[in-house]
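Right, one structure below, let's go through it.
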Amino acid sequence: MSATSAPFGLRPAYHPTGLARAREYGMSAAYNVAIYKGSPVALVSNLINIATFQADWLGSFAGVTYTDNTQKPVTANFWPGAVSGATNIQAWVFDDPANVYDIQANGSITASIGRQIDFDSGSIGSGSTATGLSSAMAASAIVSAGTQAQMRIVDVNQAPTNAWGDAFTVLQVQNARHQYVANKVSV
């Protein structure tokens, strides 16, 4: 059972077509916030930034490539924040509104397909510099029917060690506040 808090951010689980693909976006070398693989991100002035709690978001950060100030190409799971002299920055994002992601909740969630939840506000921008992986989590508080939140619950992750009601339920979710698609409230 998922009795241990071990967040991993937004991990693409599947796409209805079978093709979950990351897409390239720009980033500013001066952007001074770390973004980890699996972090929710948003498009701000045509550049990738970390997503904001209870706001529209674009997708899940997949990694970054850039040329550092010594002209060395870098491919990394995470953006460390403000890389002086970096050029050719390419942020990769799983941005398709139909993508389904796995994400661990910060508490127990009982069967709630079609309902909506937000990200845990304290975990959106957190992660590990050792692995480059996000530690973003879903908040376990489900919003009322007719209310808009950031993620729509599609199912529970079907791993044998996970089930509805586990202490830290791993969910399958879709973006309910996508920057390219009209919002749809919780049912």
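The table below gives the values:
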| quantity | calculated |
| --- | --- |
| Of the criteria (1) more than 14 Å from the chain's Cα centre (by Cα); (2) within 22 Å of Q150 (Cα to Cα); (3) not assigned by TED's automatic domain parsing to the domain that holds N162, which one S108 fails | (3) |
| Check on G18, surrounded by fewer than 20 Cβ atoms within 10 Å (Cβ to Cβ), out of contact with any Gly (no Cβ under 6 Å at 6 or more places or on another chain) and under 18 Å from N77 (Cα atoms) | no |
| Index of the failed condition, T52 passing every other in (1) more than 19 Å from the chain's Cα centre (by Cα); (2) surrounded by fewer than 22 Cβ atoms within 10 Å (Cβ to Cβ); (3) β-branched (V, I, T) | (1) |
| Residue within segment 68-91 that is crowded, with 18+ Cβ neighbours inside 10 Å and in contact (Cβ under 8 Å) with a residue 60 or more places away in the chain present | yes |
| Single residue of A130, A111 found to be surrounded by fewer than 16 Cβ atoms within 10 Å (Cβ to Cβ), hydrophobic (A, V, I, L, M, F, W, C), touching a residue at least 12 places away in the same chain (Cβ under 8 Å) and over 24 Å from R21 (Cβ atoms) | A111 |
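The values are calculated or read from the model by the stated rules, or taken from the named source; none is laboratory data. Since this is a predicted model, take the numbers as computed values, not measurements. Neighbour counts run over all protein chains shown; Cβ positions are idealised from the backbone, glycine included.
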